[in-house]
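The values are calculated or read from the model by the stated rules, or taken from the named source; none is laboratory data. Remember, predicted model here, so these are calculated numbers, not experimental data. Heads up, the Cβs are rebuilt from the backbone with ideal geometry, glycines too, and the neighbour counts pull from every protein chain shown.
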């Protein structure tokens, strides 16, 4: 999946809050890149025009799609979406979560569906 496809799928289509199914590594990491770049741009604009309005609105707009995409990514490696909560454990939880999010997809189907094309 490419950058534009990932952002479009997760911000404008039915996958916005969909937690069923699977998401490929590329879909997840392209969306992470989008959120980092757009958040930085909103931060710069908030400095130029005082008030944290843009970054706050962007955070609200991407919160649910980010969680849903994370859940689908966990499904893609054969884990429950509840495992995202391991990220609440400082340092060790973050490391484990990053490793899992970067793990190659399970081949074939699992209980959450067929393998998605990258």
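Some points to look at:
- Inter-residue pairs, beta-carbon under 7 Å, first in contact (Cβ under 8 Å) with a residue 60 or more places away in the chain and in the stretch 81-100, second surrounded by 14 or more Cβ atoms within 10 Å (Cβ to Cβ), 6+ apart: 81/19; 81/71; 81/74; 81/75
- Evaluating residue 108 against the criteria (1) at pLDDT 95 or above; (2) on the phi > 0 side of the Ramachandran plot leaves one unmet condition, (1).
- Residue within the stretch 20-35 that is surrounded by fewer than 12 Cβ atoms within 10 Å (Cβ to Cβ) and out of contact with any strand residue (DSSP E or B) (no Cβ under 9 Å at 6 or more places or on another chain) present: no
- Scope the stretch 72-82; condition farther than 17 Å from residue 26 by Cβ and buried (at least 16 other Cβ atoms within 10 Å of the Cβ); matching residues: 79, 81
- Filtering the stretch 97-118 to residues that are more than 16 Å from the chain's Cα centre (by Cα) and surrounded by fewer than 16 Cβ atoms within 10 Å (Cβ to Cβ) leaves 106, 107, 108, 109, 111, 113, 114, 115, 117.
- Criterion violated by residue 40 - all others in (1) loosely packed, with under 13 Cβ neighbours inside 10 Å; (2) assigned to a helix (DSSP H, G or I); (3) in contact (Cβ under 8 Å) with a residue 60 or more places away in the chain satisfied: (3)
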